[in-house]
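*Asks:* Can you keep this structure in mind? I'll have questions shortly.
The values are calculated or read from the model by the stated rules, or taken from the named source; none is laboratory data. Since this is a predicted model, take the numbers as computed values, not measurements. Counting neighbours? That spans all protein chains shown, and the Cβs are built from the backbone with ideal geometry, glycine included.
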Amino acid sequence: MLNQDDQLDQIYRALADPTRRAVVERLTAGSATVSELAEPFDMSLPGLTQHLRVLEDAGLVRTEKVGRVRTCTLDLQALGSAERWINQRRQAWAQRFDRLGALLAEDDEPSPPTPSKGRDS
């Protein structure tokens, strides 16, 4: 079993390619055969199969072969782990920006006037 960092590396590496992102996007609408997935691309079926293998290795896509037909399905759990990683970073940065905003707001508050001392005092 891959550790979480290795799995995230594979997920983001798989999603770095525009063809694989398009396949994932298509699979959000539901399962599809390899032939259906290959239709919009100007590549051979073996070329698309290589992309699908990368997506499978990353855990993003599951395939099932029935007879001669291979059907692909998106695995939302793998996408969820990538989403959680991004959201954790987003929350950390939001907290930092909130603290920075609070500090800047303190600097913007007018300080109470200090009594001026005259020369005669």
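*Asks:* Any idea which of LEU52, LEU37, LEU48 is out of contact with any strand residue (DSSP E or B) (no Cβ under 9 Å at 6 or more places or on another chain), aliphatic (A, V, I, L, M), more than 17 Å from ALA82 (Cα to Cα) and part of a helix (DSSP H, G or I)? Talk me through it step by step, then tell me what you get.
*Replies:* Values: LEU52 fails: out of contact with any strand residue (DSSP E or B) (no Cβ under 9 Å at 6 or more places or on another chain); LEU37 fails: out of contact with any strand residue (DSSP E or B) (no Cβ under 9 Å at 6 or more places or on another chain).
Matching residue, one of LEU52, LEU37, LEU48: LEU48.
*Asks:* For the subset of the range 18-29 comprising residues that are free of Cβ contacts under 8 Å to residues at least 40 places away in the same chain and exposed (fewer than 13 other Cβ atoms within 10 Å of the Cβ), which member is farthest from VAL61 (Cα to Cα)?
*Replies:* Here the residue is PRO18.
*Asks:* Next question. Any idea which of (1) out of contact with any helix residue (DSSP H, G or I) (no Cβ under 6 Å at 6 or more places or on another chain); (2) surrounded by fewer than 18 Cβ atoms within 10 Å (Cβ to Cβ) is the one LEU15 doesn't satisfy?
*Replies:* Unmet condition: (1).
*Asks:* Out of the range 55-73, which residues are outside any strand (DSSP E or B), in contact with a Cys (Cβ under 9 Å, 6 or more places away or on another chain) and either in contact (Cβ under 8 Å) with a residue 60 or more places away in the chain or buried (at least 19 other Cβ atoms within 10 Å of the Cβ) (or both)? Steps first, please.
*Replies:* The initial filter retains those residues of the range 55-73 that are outside any strand (DSSP E or B), namely 55-60, 67-68.
Within this subset, residues satisfying the condition of being in contact with a Cys (Cβ under 9 Å, 6 or more places away or on another chain) are 55-56.
Within the range 55-73, just LEU55 meets the criteria.
*Asks:* Based on this model, can you work out whether GLY80 counts as modelled with pLDDT under 95 and within 14 Å of the chain's Cα centre (by Cα)?
*Replies:* On the way: modelled with pLDDT under 95: yes; within 14 Å of the chain's Cα centre (by Cα): yes.
So GLY80 fits the description; yes.
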